[in-house]
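The values are calculated or read from the model by the stated rules, or taken from the named source; none is laboratory data. Given the structure is predicted, the values throughout are model-derived calculations rather than measurements. All Cβ positions, even for glycine, are placed from backbone atoms using ideal geometry, and neighbour counts span all protein chains on display. These area figures cover heavy atoms from the full protein model, side chains too; ligands, DNA and RNA do not enter into them. Shrake-Rupley method; radii C 1.70, N 1.55, O 1.52, S 1.80 Å.
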Amino acid sequence: MLGQVRTLFLALCLIWTLVGLGWADLNRQGGPYVTLGAVTAVLVPLIVGYRRGGFPRWTWFVEGVGVCLIATNSGHSITFGLLFVWVNFRALYGSLTDHLIGGGTILGILVAGVAFLDIPASDALSMLVAALLGLIVNHVLARGIQGRDRAAIRERAVAKAGAEFAATNSRTEATAVAVKAALTMDPDTRATLIAIVAGGNARIIGADGEVRPEVVGSVAPVDQLGDEVRAALVPGGFALVSGEAATHLARVFELPPVAAVAVAPLAVHDDVFGMIVLLLTRRPPDDLEAALTTLADAAAMTLDQQLSRSRLKIVVEHSPDALILASERGVIRFVNPAAERLLDRPAAELLGSNLRLLLNPDDLATTLAARSAVAQTCRVRGREDQAWTETEAVVEYVTEHDGSRSIVFNARDVSERRRLEMELQHAQKLQSVGRLAAGIAHEINTPIQFIGDNVHFIEEAFSGFATVLDAYEKNLRHGGPATAIESAIEEADFEYLWAETPIAIRQCLEGITQVAHIVRAMKAFGHPGSDEKKCANLNEAIQNTIIVAANEIKFVADVTTDLADLPMVPCQVGDINQTMLNLIINAAHAIEAADRGRGTIHITTQVQHDHAVIEVADTGTGVPAEIADKLFDPFFTTKDVGAGTGQGLALVRTLVVDRHGGEVDFTSEPGAGTTFRVRLPLQDPAASHHDENIVEAAA
């Protein structure tokens, strides 16, 4: 706006000068030359100063003499207008000192006019007052317009920076935008810096203006910046220092001396992490704080966002989990490097393809119909000719900024972990069987011993029966005396053999049945099974486990059962066998640790709503409250070193919760005993979920 006013007054000066030239008396001796010289003395400095945006102070005198000569040669009628327009135009340039010099020049011109050109004193006084008033008014007007123009320039700089911040993709770009915008905020700005404050040091990360390129990266201790600057490094702070303080600050950053320095902090969430520094050739005549702090706030937010984006990018690109962003219909919009590795396909091929085509059809409904961030077992592959890879996938439905719904698919390859888990479970089972082998051998040895004893008896009885039969045969064929038969019967103790032999045979059969029962229990317990869930009789699995663990618990506790009539339960029966064995052995150890004599392990089953519930209660030590929340943690054990691995209850939780979608918890009274409770769903959750959501997920 000030430029427009200056242009207007320059035009008026030209017009009034030409008018004066038209009224000039060119017939006087030397008149044309004097008048043209005066016009030149006035117009040339005015035009040059207008184009340069400023005037040397000595031009007041040169222009003043020219104005005086033009007015003299044109008859004094033009003097007032020319003087008024010229003074008003010159008042739009320079400082207060320039305008005081101008006022003195005007006074000198009019005094000379009164003394040598016979200008009436009253007219001279009127022109002097009008000129001085114009000088004062336009000085104030120029200051006001300059202030408004400076404010407008700063507002435009901040607005432009805000638009450019939105388009930046890195902290380097955002820093460049900030220093460039700060450089245009004030015409007296020599250079701008951005420094990051951390660890008691300020490190310059960006600079623009009259500074050496190597200044970027230099570090200065914060405690050497000066008290005013340090006090400004708080949210909402600002400092404008000049003189020695400004020189000191420039020296700290190894910069050329400046007249003034403005500092605004970079702060996000009440945390100051840096500052913008303006190096000025003079102290600003108006307020710089509002614009600079606004720019600092915008820069701080952008730098913080870029830092967050950079960190997020690092996390996403280096995450071992496959991350896929897809539209609600499944069109893939983004994949990270882990997803490329998992699917063995480059991002260029995956982008635009459909997520649903990468999932196993049997897992599709369960995975994409998940209503919460719960890991689901899911098989994926990148191409049809590839094998399926087993993963744990978490699916979240999110709303983006434009209101559209998207799928965030997070998958982790667990095929190796599954293999290790299966090996661990198999090792646990072998460990359990190995630990129980001696007891099982003893359990089998007892019936085998009395089977052997009874078979020896039957063998001896058979010899006695043979002696009696031989006596009968001789008597019948040869007509021998009956006394021989009686003697054979008495010698063989026939009546005893006849009474005891059936008993021995029955005991052998009972022993064989008992051995077969133990063998069947061991066979059922040790059966590897399969990953597929099949309907099983939980009561039978519990009874088999009790038989297998009998020798481990029979010396410390009695086992009682109250098994309800349960429906067939979909499960992996090998997992249930292992679960029951761990709970029963754990109960036996708790009773033994209580050292209160023989205890009791009571096992019950029942149906509660849609779950089969198994309870294993013991009269052992109980669980102290301070370790209750750690009981299912891997490797946590209350046993002595070497006596336990801490894997038993952790495995129970894995088998019940992770593999069966069930629940396991316990109630305990320290010193009285503990009851563990296993809840297994009567319907396979995965299968029912698949049936309910197959149509919706495939849409």
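Please go through the stretch 232-244 and give me each residue that is open to solvent by less than 40 Å² (accessible area, probe 1.4 Å) and in a helix (DSSP H, G or I), ordered by number.
ALA232
For MET185, only one of the following conditions fails: (1) open to solvent by 10 Å² or more (accessible area, probe 1.4 Å); (2) touching a strand residue (DSSP E or B) at 6+ places or on another chain (Cβ under 8 Å); (3) part of a loop (DSSP other than H, G, I, E, B); (4) closer than 26 Å to PRO285 by Cα. What is its number?
(1)
Please go through the stretch 331-345 and give me each residue that is under 20 Å from ASP402 (Cβ atoms) and open to solvent by less than 40 Å² (accessible area, probe 1.4 Å), ordered by number.
The answer is ILE332, and nothing else.
Considering the stretch 247-263 alone, what residues qualify as being assigned to a helix (DSSP H, G or I) and either touching a Ser or Thr at 6+ places or on another chain (Cβ under 9 Å) or without any contact (Cβ under 8 Å) to a residue 24 or more places away in the chain (or both)?
Of the residues in the stretch 247-263, the ones assigned to a helix (DSSP H, G or I) are 247-252.
Passing the criteria: THR247, HIS248, ARG251.
For VAL556, indicate whether it is touching a Pro at 6+ places or on another chain (Cβ under 8 Å) and either crowded, with 19+ Cβ neighbours inside 10 Å or modelled with pLDDT under 80 (or both).
no
Can you name the residue in the stretch 401-411 that is more than 17 Å from the chain's Cα centre (by Cα) and open to solvent by 30 Å² or more (accessible area, probe 1.4 Å) and is also nearest to THR654 (Cα to Cα) among such residues?
Only one residue tops the list, namely ARG405.
For the stretch 500-514, indicate whether the set of residues that are in contact with a helix residue (DSSP H, G or I) (Cβ under 8 Å, 6 or more places away or on another chain), open to solvent by less than 100 Å² (accessible area, probe 1.4 Å), at pLDDT below 75 and within 24 Å of ILE444 (Cα to Cα) is non-empty.
yes
If a residue has to be in contact (Cβ under 8 Å) with a residue 60 or more places away in the chain and either among the small types (Gly, Ala, Ser) or assigned to a loop (DSSP other than H, G, I, E, B) (or both) to count, how many in the stretch 363-386 make the cut?
2
When you go through ALA264, ALA290, ALA198, ALA296 one by one, which is the residue that is of a type outside the set (Val, Ile, Thr) and farther than 19 Å from ARG171 by Cα?
ALA290
Working only within the stretch 156-173, note down all residues that are hydrophobic (A, V, I, L, M, F, W, C) and either within 15 Å of ALA291 (Cα to Cα) or modelled with pLDDT of 90 or more (or both).
Our first condition is that a residue be hydrophobic (A, V, I, L, M, F, W, C); within the stretch 156-173, this holds for 157-159, 161, 163, 165-167.
Correct list: ALA157, VAL158, ALA159, ALA161.
With the requirement that a residue be farther than 16 Å from PHE632 by Cα and in contact with a Lys or Arg (Cβ under 8 Å, 6 or more places away or on another chain), what does the stretch 578-590 give you?
HIS589
Being part of a strand (DSSP E or B) and more than 25 Å from SER170 (Cα to Cα) is the filter here, so list the residues in the stretch 201-231 that pass it.
PRO221 - this is the single residue of the stretch 201-231 that is part of a strand (DSSP E or B) and more than 25 Å from SER170 (Cα to Cα).
Out of the residues in the stretch 601-620 meeting the condition of being small (Gly, Ala, Ser) and part of a strand (DSSP E or B), tell me which one is most open to solvent (accessible area, probe 1.4 Å).
Result: ALA617.
Taking interchain pairs and intrachain pairs at least six residues apart, which have beta carbon atoms under 8 angstrom, with the first residue in the stretch 196-222 and touching a residue at least 24 places away in the same chain (Cβ under 8 Å) and the second open to solvent by less than 40 Å² (accessible area, probe 1.4 Å) and among the hydroxyl-bearing types (Ser, Thr, Tyr)?
Partner pairs satisfying both residue conditions: ILE204/SER218; ILE205/THR175; GLY206/THR175; ALA207/THR192; ASP208/THR192; GLY209/THR189; GLY209/THR192.
I'd like the residue in the stretch 307-330 that is among the basic types (Lys, Arg) and under 13 Å from the mean Cα position of the chain (by Cα) and, out of all such residues, is surrounded by the most Cβ atoms within 10 Å (Cβ to Cβ).
ARG309
Looking for something open to solvent by less than 30 Å² (accessible area, probe 1.4 Å) and modelled with pLDDT of 85 or more - is there at least one such residue anywhere in the stretch 592-600? Working first, answer last.
Applying the first criterion (open to solvent by less than 30 Å² (accessible area, probe 1.4 Å)) to the stretch 592-600 yields 594, 599.
Remaining after also requiring modelled with pLDDT of 85 or more: 594, 599.
Yes; the residues of the stretch 592-600 include at least one that is open to solvent by less than 30 Å² (accessible area, probe 1.4 Å) and modelled with pLDDT of 85 or more.
Among the residues of the stretch 348-380, which ones are open to solvent by 60 Å² or more (accessible area, probe 1.4 Å), under 21 Å from PRO320 (Cβ atoms) and not aliphatic (A, V, I, L, M)?
THR377, ARG379
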